[in-house]
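Student: My structure is below; once you've seen it, I'll send some questions.
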Amino acid sequence: MKPKTHRLIGLFTFVLAMLGFSLSAQAQQVCGPEVKEAAAKELAEIATLPEQEQAEAQAKLYEKYKFCLQEAAEPEFHVAARQCGARVSQLGSTYFEEMSCCGYDPQRRQFGCPVKIKQRFGFGGAPLPGSREYVLNCVADQNGVLQPVGVDSVHLANEIFGVQPTWQFAVIASANQNLQLVQPMSGATRQARSILSWGLQPTNCNYQPIWGNALNYRIRLDQ
């Protein structure tokens, strides 16, 4: 066989391999931008309801979109979490956002969790209504049961200037619940969990986010 033919076959094989990879990556994306934009629109409508009705509507929305949990995270994401001294526990779709690291400031009693935004879309119209990235932070009690100590969120919306991702947002949450778990400042080590959830605020320390993930890691109550 001539060298030119060898090169053509090699090129053809390479193209097929790349195409196969592309199709495989697309197959893993269960919920595309149109699905998340629809969810963002529904969340904006729910936000106008009374508090009790909001909770009921959000529960229904969770059931409607929980099929998005089938999406797989990239292996690199687990590596990034390990490099931050954390372990991924609950894992939702991380196609749009992910959280691979969190930390705790014992002097200010605040958790800081960077949130990596990976797409230009899927976050709602800009600048409003947009949507929110929630992070619930939990600390284990003396029986090893995780208890909520603080939750907060950061607002974001679709990118409109043509700049390509990624972006690093951050959720800063003060510990203002179950304060006995973060006091006194004794230098003790505590087990912690932080749960990132786009759109729907986590309701407990075992919450399974649809979009987002949870991290288990250790904090220290410095002297």
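Student: What is the distance, in nm, between label points placed 7 Å from the Cα along the Cα-to-Cβ direction at Thr166 and at Ala38?
Tutor: 2.8 nm
Student: Can you give me the angle between helix 3-28 and the longest principal axis of the chain, using Cα atoms only, in degrees from 0 to 90, rounded to the nearest 10?
Tutor: 30 degrees
Student: Please give the FRET efficiency for His155 paired with Leu69, using the beta carbon to beta carbon distance and R0 = 22 Å, rounded to the nearest 0.05. Each step should come with its number before you reach the end.
Tutor: Numbers: r = 24 Å, r/R0 = 1.10.
For His155 and Leu69, the calculated efficiency is 0.35.
Student: Quote the convex hull volume per residue of the chain, based on C-alpha atoms, as a whole number of Å³.
Tutor: Working: hull volume 36.0 nm³, N = 223.
Hull volume normalised by residue count: 162 Å³.
Student: Next up: Would you work out the charge dipole size for the chain about its Cα centre, treating the Cβ of every Lys and Arg as +1 and the Cβ of every Asp and Glu as -1, and quote it to the nearest 20 debye? Working shown, then result.
Tutor: Working: 20 positive and 19 negative charges, 200 e Å.
The dipole magnitude comes to about 960 debye.
Student: Tell me the angle of helix 33-46 to the major Cα principal axis of the chain, expressed in degrees between 0 and 90 and rounded to the nearest ten.
Tutor: Approximately 30 degrees, to the nearest 10.
Student: Let me ask something additional. Using a 7 Å offset from Cα along Cα-Cβ at Gln191, what residues in the stretch 197-223 end up with backbone N under 13 Å from the label point?
Tutor: 206, 216-219
Student: Given the options Pro184, Pro209, Pro75, which has the most mean-square fluctuation in a GNM of the chain, springs set between C-alpha atoms less than 10 angstrom apart?
Tutor: Fluctuation is largest for Pro75.
Student: Trypsin sites (Lys or Arg not before Pro) within the stretch 114-146: which are DSSP loop residues with at most 11 other Cβ atoms inside 10 Å?
Tutor: The qualifying sites: there are none.
Student: Can you give the calculated 222 nm mean residue ellipticity of the chain, where each DSSP H run of n ≥ 4 adds -39,500 (n - 2.57) and the sum is split over every residue, rounded to the nearest 500 deg cm²/dmol?
Tutor: Working: 4 runs with 64 residues, N = 223.
Mean residue ellipticity, 222 nm, calculated: -9500 deg cm²/dmol.
Student: Given a cut-off of under 8 Å on Cα pairs at least six residues apart, what relative contact order in percent is computed for the chain? Please report the intermediate quantities before stating the final value.
Tutor: Working: 454 pairs, mean separation 49.6, N = 223.
The value is 22 percent.
No value in this document is a laboratory result; all are computed from the given coordinates. Quick caveat: nothing in here was measured; it's all calculated off a predicted structure. Glycine also receives a Cβ, built like all others from the backbone with ideal geometry; neighbour counts cover every protein chain displayed.
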